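The values are calculated or read from the model by the stated rules, or taken from the named source; none is laboratory data. Small disclaimer: the values here were computed from a predicted structure and weren't measured. Reconstructed Cβ throughout: ideal geometry from the backbone, glycine too, with neighbour counts over all protein chains shown.
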Amino acid sequence: MPRPFQDKYTYNHAVDEAGGVTFECSLDSDVWPWLKLVPTHPILIQTVNFWAAFDSGAYLTEFKTDAWTALTQLEWTCDKTEAGPPRQGRYASFEEKNRARYTLELRDEAGALVAEYAGKGVTFRTRNFENWRGEAKEKLRPPAPPHLSYAQADHVGVATQSESFLAPLSKGAGAVTTQGLITKENGLRPAHPYIGGSGDHVNSTHMGEVARQFGHLLFDEPIPHLGGMMKLKHFVELGAIFDVTLITKTEQMFEISIHQAGRLCAEVAWIFRRD
């Protein structure tokens, strides 16, 4: 997506000997309120991925800063140690099977690993993105504002009720499911204390938070976050209800699928323990 804010989270970019981009990260939590979260919180992890990859890719002139881009797949790992907030990082891009991919590494002030990523995405170079997206959103626009009975804030591990994105789980007929609803009024700054974005669609930061809230409901307690994988197949629209279904659960991870209007939009795996 084009840059949604004028403030710069990453700065002092430089190309290293291997062709990657090194950078420094802001520690200003007044400008970037998600820095008040623990470094392994998925809102912070996913948001930093956007800013660091976007700014570094633009620095390498891989795309223009006003171009519409979309993340399509991401794998990430958080360090088990108590690292501090990201302070420095490195981005590198490469071609694999004719597809553009990138890696990202974040470290704290002392050099301890915060997170590392491997992702891929797409840049909309020729498509009239705004008109195309307008038609897609219009097809899903409900005749009346949708209503969802959200799970209580403490049941999904958030501070205020407005931060709850999901309804309580339904466990029956061999399936574990729920519904979600993210709107501009509950899912984006200034309404949401931490999550921003273009306002065009539900973004990857929302998807990470949906997985975290689902895990909290599934296990009736907060779930450690050691990494995950996300496949984004279709935009999830703001202001329209989506369905969340448990695909699998083990002692180390769980995986969910997200459908909207009968279409598979995303699959998210959450890793919470490693032997």
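Mind checking whether some residue in the stretch 161-172 is surrounded by fewer than 14 Cβ atoms within 10 Å (Cβ to Cβ) and touching a helix residue (DSSP H, G or I) at 6+ places or on another chain (Cβ under 7 Å)?
yes
Taking residues in the stretch 24-39 that are in contact (Cβ under 8 Å) with a residue 24 or more places away in the chain, and partners anywhere that are surrounded by fewer than 17 Cβ atoms within 10 Å (Cβ to Cβ) and among the hydrophobic types (A, V, I, L, M, F, W, C), the pairs with Cβ atoms closer than 9 Å and at least 6 places apart or on different chains are VAL31/PHE5; LEU35/LEU27.
Quick check on GLY197: is it in contact with a Leu (Cβ under 8 Å, 6 or more places away or on another chain) and over 20 Å from LEU169 (Cβ atoms)?
On the way: in contact with a Leu (Cβ under 8 Å, 6 or more places away or on another chain): yes; over 20 Å from LEU169 (Cβ atoms): yes.
So GLY197 passes the test.
Looking at ALA173, ALA191, ALA167, ALA153, just one residue is in contact with an Asp or Glu (Cβ under 8 Å, 6 or more places away or on another chain) and either among the hydroxyl-bearing types (Ser, Thr, Tyr) or without any contact (Cβ under 8 Å) to a residue 24 or more places away in the chain (or both), and that residue is ALA153.
Determine, yes or no, whether ALA136 is modelled with pLDDT under 90, part of a helix (DSSP H, G or I) and not aromatic (Phe, Trp, Tyr). So ALA136 fits the description; yes. Note on the stretch 232-269: among residues that are under 18 Å from SER164 (Cβ atoms) and in contact with a Phe, Trp or Tyr (Cβ under 8 Å, 6 or more places away or on another chain), the one that is modelled with the lowest pLDDT is VAL236.
Taken across the stretch 47-56, residues that are assigned by TED's automatic domain parsing to the domain that holds LEU113 and surrounded by fewer than 13 Cβ atoms within 10 Å (Cβ to Cβ) do not occur at all. Within the stretch 234-255, the set of residues being in contact with a Leu (Cβ under 6 Å, 6 or more places away or on another chain) and not small (Gly, Ala, Ser) comprises GLU237, ILE241.
If I ask for residues that are of a type in the set (A, V, I, L, M, F, W, C), assigned to a loop (DSSP other than H, G, I, E, B) and within 28 Å of ARG101 (Cβ to Cβ), which ones from the stretch 195-237 would you list? ILE195, LEU226, PHE235, listed by residue number.
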